[in-house]
1. Given the structure, is residue 263 under 24 Å from the mean Cα position of the chain (by Cα) and either within 16 Å of ligand 2 (Cβ to nearest atom) or not assigned by TED's automatic domain parsing to the domain that holds residue 118 (or both)?
2. Among the residues of the stretch 346-367, what is the count of those that are in a helix (DSSP H, G or I), under 20 Å from residue 406 (Cα atoms) and either without any contact (Cβ under 8 Å) to a residue 60 or more places away in the chain or within 22 Å of the chain's Cα centre (by Cα) (or both)?
3. Which condition number does residue 154 fail, the rest of (1) more than 22 Å from residue 49 (Cβ to Cβ); (2) part of a helix (DSSP H, G or I) being met?
4. Inside the stretch 452-482, can you point out the residues that are buried (at least 17 other Cβ atoms within 10 Å of the Cβ) and under 16 Å from residue 328 (Cα atoms)?
5. When both residues are 6+ apart or on different chains and their Cβ atoms are under 7 Å apart, which pairs have a first residue that lies in the stretch 301-315 and is at negative phi, and a second that is within 12 Å of ligand 1 (Cβ to nearest atom) and not in a helix (DSSP H, G or I)?
6. Filter the stretch 266-287 down to residues that are farther than 27 Å from residue 99 by Cα and within 12 Å of ligand 2 (Cβ to nearest atom), then give me how many there are.
7. Taking the condition more than 14 Å from ligand 2 (Cβ to nearest atom), within 26 Å of residue 303 (Cβ to Cβ) and assigned by TED's automatic domain parsing to the domain that holds residue 196, does residue 83 pass?
8. Looking at this structure, is residue 403 surrounded by fewer than 24 Cβ atoms within 10 Å (Cβ to Cβ) and in contact (Cβ under 8 Å) with a residue 12 or more places away in the chain?
Ligand code: ADP
Ligand code: LRH
């Protein structure tokens, strides 16, 4: 089998990417791309899962047209969200999107039943109001109890394509229900939710072969013969696999898309009092690794500004406009909860600047500049914190994902972190997804060989740190401390 297809669906867009090894180089071909997003229905936010399934089928049909008769196939998506299904596999409702506000008070309510410290000690997962544990806690009780199973979004897509139920571990760890010691669902946490272990399928490792597509589906739509392989189904897990890091170098990653995930790969979790206070997470990775990282509100900020201005400018145009705008004029604390899902992002940014006594960004260009400056400064702060927490220096920061295309942000990041930045590949998530398929089918012997091949197959752009203008760091520190 020399054709491998990654279905990679992020919060803003999805794609089917065909990967092959040719003359010892990995080649990628995007065969289908589509928009993703959530929408409001009766006051709640939901993903359009049926649309995603239709697009996967359309992408596979496009692959067949392009001459792919047989391939392996892996799926990854964003984390934490889930479908509840009955015994027959019918969905009990639409799939909530993680920015839905029903979980706002869930952390405080759950804390009455288990302390935040105990929860972190068990799971090593940072507190985010949308972690699955909080979503399930806030879910209609009767419906939650009635569910035969909870399938996280990629698990559900695998199920719809193949009829087989899995519970892939890299994504399962983002539920905040897995215990780091027992490496399974934590009995006490399940009992707090009033749930049973059987409501979650057996944990499945990336690289597990899953057989073919549902034959009815394959024939009805005339799809290629697909051998499903369980990918590292959490998109961030795949993105980190796809980082072209040199073995033995001291590197960190910034997976830069809707979210900015800044962290390091480790072979042990790190869940101390200090890492809890700083809200760092230990998500489980493929091949026995952990992603020790910080979630930073990322390019969501600019996505919303763009969407709410009627998609008037492309991302490239917004970057260009920001480039010509005065640097470090106004700064925001990107991780302030107010930016999670405000009705008007640009207005919320202006309000933040007003509240903190700064110049208010008026034009779209000034707002965009404020976002990029602030993101870069956040990366600087958190990278230093990461070094302190792990006790290990970071020399190179690899930026992967759509944000690697933003040259202004990459340079600002080099300046603010004082580290060399290597940007690219943009499609590291699809690459990580493909790498697992290719290791499973023997194309690569292990992750090291796969990463070496990625490094030799794709250009990265280097950014050397320049000096940060005087007084910027001090102003920034005042703003984030408030
Ligand atoms: P996700 O998978 O989380 O939905 P992506 O990794 O696809 O996100 O990254 C999407 C982001 O990449 C966009 O929000 C945008 O900020 C950035 N981006 C995409 N194309 C460009 C471009 N041409 N120039 C600058 N930034 C870009
Ligand atoms: C990035 C991501 C991130 C999660 C968030 C829900 O797409 O998967 O790792 O924290 O979405």
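The values are calculated or read from the model by the stated rules, or taken from the named source; none is laboratory data. As the structure is a prediction and not an experimental result, all values here were calculated from the model. Backbone-built Cβ (ideal geometry, glycine too); neighbour counts: all protein chains shown.
1. Numbers: under 24 Å from the mean Cα position of the chain (by Cα): yes; either within 16 Å of ligand 2 (Cβ to nearest atom) or not assigned by TED's automatic domain parsing to the domain that holds residue 118 (or both): yes.
The answer is yes for residue 263.
2. Let us first name the residues in the stretch 346-367 that are in a helix (DSSP H, G or I), namely 346-355, 364-367.
From the residues that got through so far, the ones that are under 20 Å from residue 406 (Cα atoms) too are 346, 364-367.
Still in the running and either without any contact (Cβ under 8 Å) to a residue 60 or more places away in the chain or within 22 Å of the chain's Cα centre (by Cα) (or both): 346, 364-366.
Total meeting the criteria: 4.
3. Residue 154 satisfies every listed condition except (1).
4. The answer is 468, 472, 476, 479, 480.
5. Pairs found: 303/12; 303/258; 306/313.
6. Final tally of qualifying residues: 0.
7. Numbers: more than 14 Å from ligand 2 (Cβ to nearest atom): yes; within 26 Å of residue 303 (Cβ to Cβ): yes; assigned by TED's automatic domain parsing to the domain that holds residue 196: yes.
Spelling it out, residue 83 is indeed more than 14 Å from ligand 2 (Cβ to nearest atom), within 26 Å of residue 303 (Cβ to Cβ) and assigned by TED's automatic domain parsing to the domain that holds residue 196.
8. Details: surrounded by fewer than 24 Cβ atoms within 10 Å (Cβ to Cβ): no; in contact (Cβ under 8 Å) with a residue 12 or more places away in the chain: yes.
No.
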